[in-house]
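What follows is a single structure, written as structure tokens, with notes after it.
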Amino acid sequence: MKKILIVTAMLGCAALFAAPDQPGLNRDYWTSAQHKGDRNAKSLVAKKVAPTGSDVQKTSEAKSWTKPEKNANWANDYVQRMYGFIVPDVSGDYVFYVAGDDSATLFLSTDETPAKAKAIARTSAWTNPKQFTKSPSQKSAPVKLEKGKKYYVEAVMFEGAGGDNLSFAWVVPGKKAPEIISEKNLKTMK
């Protein structure tokens with residue numbers, strides 16, 4: 001009976017952890033055994049390749065799945081994606097940035113529909129963590145967002161060897177510098 005209660009409690013916690021509309025972003029990652037040379041997270045999702053692991057990230061900066069709270073240099077030869085919704089506090093024009101190593105792309109939808117997401121910023125060369133200005137392609141054109149509305153967002157990256165990281169940021173109307181998006185403006189999908 002004790003074992004049944006413990007398992008039931010664990011399943012209940014897992015369901016709560018993965019519930020939609022929780023603060024943060026979903027993250028899936030594929031190590032070399034799962035991605036088998038396919039370096040595109042969107043392609044792996046379309047092919048229904050099961051990820052090596054999944055978790056929830058508190059901000060728009062990926063943290064290690066092996067080393068608590070580290071934001072860089074935790075593995076080689078993997079693909080990852082962070083996805084969910086952003087919910088702005090104010091209406092206006094936002095500018096987005098992406099950083100990643102070895103490459104990264106940021107997608108944004110005009111609403112909460114993933115199929116409408118378009119690439120708005122990318123880097124095909126590695127960047128250091130949160131290095132958002134290494135190349136002009138890392139910066140999006142201004143995007144008009146409405147306060148309180150949910151927008152699907154997805155960041156994908158590939159890591160070969162050496163250093164690795166993934167993050168994206170926005171410039172909120174009235175501000176000048178890119179900021180990592182906090183969990184109060186992020187919602188999970190599942």
Lone qualifier among Ala125, Ala115 - being over 22 Å from Lys190 (Cα atoms) and either modelled with pLDDT of 95 or more or of a type in the set (Gly, Ala, Ser) (or both): Ala125
Residues that are touching a helix residue (DSSP H, G or I) at 6+ places or on another chain (Cβ under 9 Å): list the strands (runs of 3 or more DSSP E) wholly contained in the stretch 106-190 that include at least 3 such residues. 118-123, 151-159
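Considering only the stretch 38-76, how many residues are assigned to a loop (DSSP other than H, G, I, E, B) and within 26 Å of Ala115 (Cβ to Cβ)?
Going through the stretch 38-76, the residues assigned to a loop (DSSP other than H, G, I, E, B) turn out to be 38-40, 47-52, 58-60, 62-76.
Then drop every residue that is not within 26 Å of Ala115 (Cβ to Cβ), which leaves 38-40, 47-52, 59-60, 62.
Number satisfying all stated conditions: 12.
Okay, residues lined up against (1) over 30 Å from Gly174 (Cβ atoms); (2) under 12 Å from the mean Cα position of the chain (by Cα); (3) among the hydrophobic types (A, V, I, L, M, F, W, C); (4) modelled with pLDDT of 95 or more:
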residue: Met1; (1), (2), (3), (4): yes, no, yes, no
residue: Leu11; (1), (2), (3), (4): yes, no, yes, no
residue: Ala15; (1), (2), (3), (4): yes, no, yes, no
residue: Asp21; (1), (2), (3), (4): no, no, no, no
residue: Gly37; (1), (2), (3), (4): yes, no, no, no
residue: Ser60; (1), (2), (3), (4): no, yes, no, yes
residue: Ser64; (1), (2), (3), (4): yes, no, no, no
residue: Asp77; (1), (2), (3), (4): yes, no, no, no
residue: Tyr97; (1), (2), (3), (4): no, no, no, yes
Failed item, numbered, when Arg81 is tested on (1) out of contact with any helix residue (DSSP H, G or I) (no Cβ under 8 Å at 6 or more places or on another chain); (2) charged (D, E, K, R); (3) in a strand (DSSP E or B): (1)
Close pairs from the stretch 133-149: first in contact (Cβ under 8 Å) with a residue 24 or more places away in the chain and closer than 14 Å to Val172 by Cβ, partner of a type in the set (Ser, Thr, Tyr) and outside any loop (DSSP other than H, G, I, E, B), Cβ under 9 Å, at least 6 apart: Ser140/Tyr94; Ser140/Tyr97; Pro142/Tyr94; Val143/Tyr94; Val143/Tyr151; Lys144/Tyr94; Leu145/Tyr94; Leu145/Tyr151
Residues (within 27 Å of Ala19 (Cα to Cα) and either among the aliphatic types (A, V, I, L, M) or without any contact (Cβ under 8 Å) to a residue 40 or more places away in the chain (or both)) located in the stretch 150-173: Val153, Ala155, Val156, Met157, Leu166, Ala169
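Yes/no per residue for (1) crowded, with 20+ Cβ neighbours inside 10 Å; (2) among the acidic types (Asp, Glu); (3) modelled with pLDDT under 95:
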| residue | (1), (2), (3) |
| --- | --- |
| Ala121 | yes, no, no |
| Thr133 | no, no, no |
| Phe158 | yes, no, yes |
| Ala161 | no, no, yes |
| Leu166 | yes, no, no |
| Trp170 | yes, no, no |
| Pro173 | no, no, no |
| Ala177 | no, no, no |
| Ile180 | no, no, no |
Could you tell me which numbered condition Lys176 fails, if it satisfies all but one of (1) more than 21 Å from Lys58 (Cβ to Cβ); (2) in contact (Cβ under 8 Å) with a residue 60 or more places away in the chain; (3) more than 17 Å from the chain's Cα centre (by Cα)? (2)
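The values are calculated or read from the model by the stated rules, or taken from the named source; none is laboratory data. Quick caveat: nothing in here was measured; it's all calculated off a predicted structure. All Cβ positions, even for glycine, are placed from backbone atoms using ideal geometry, and neighbour counts span all protein chains on display.
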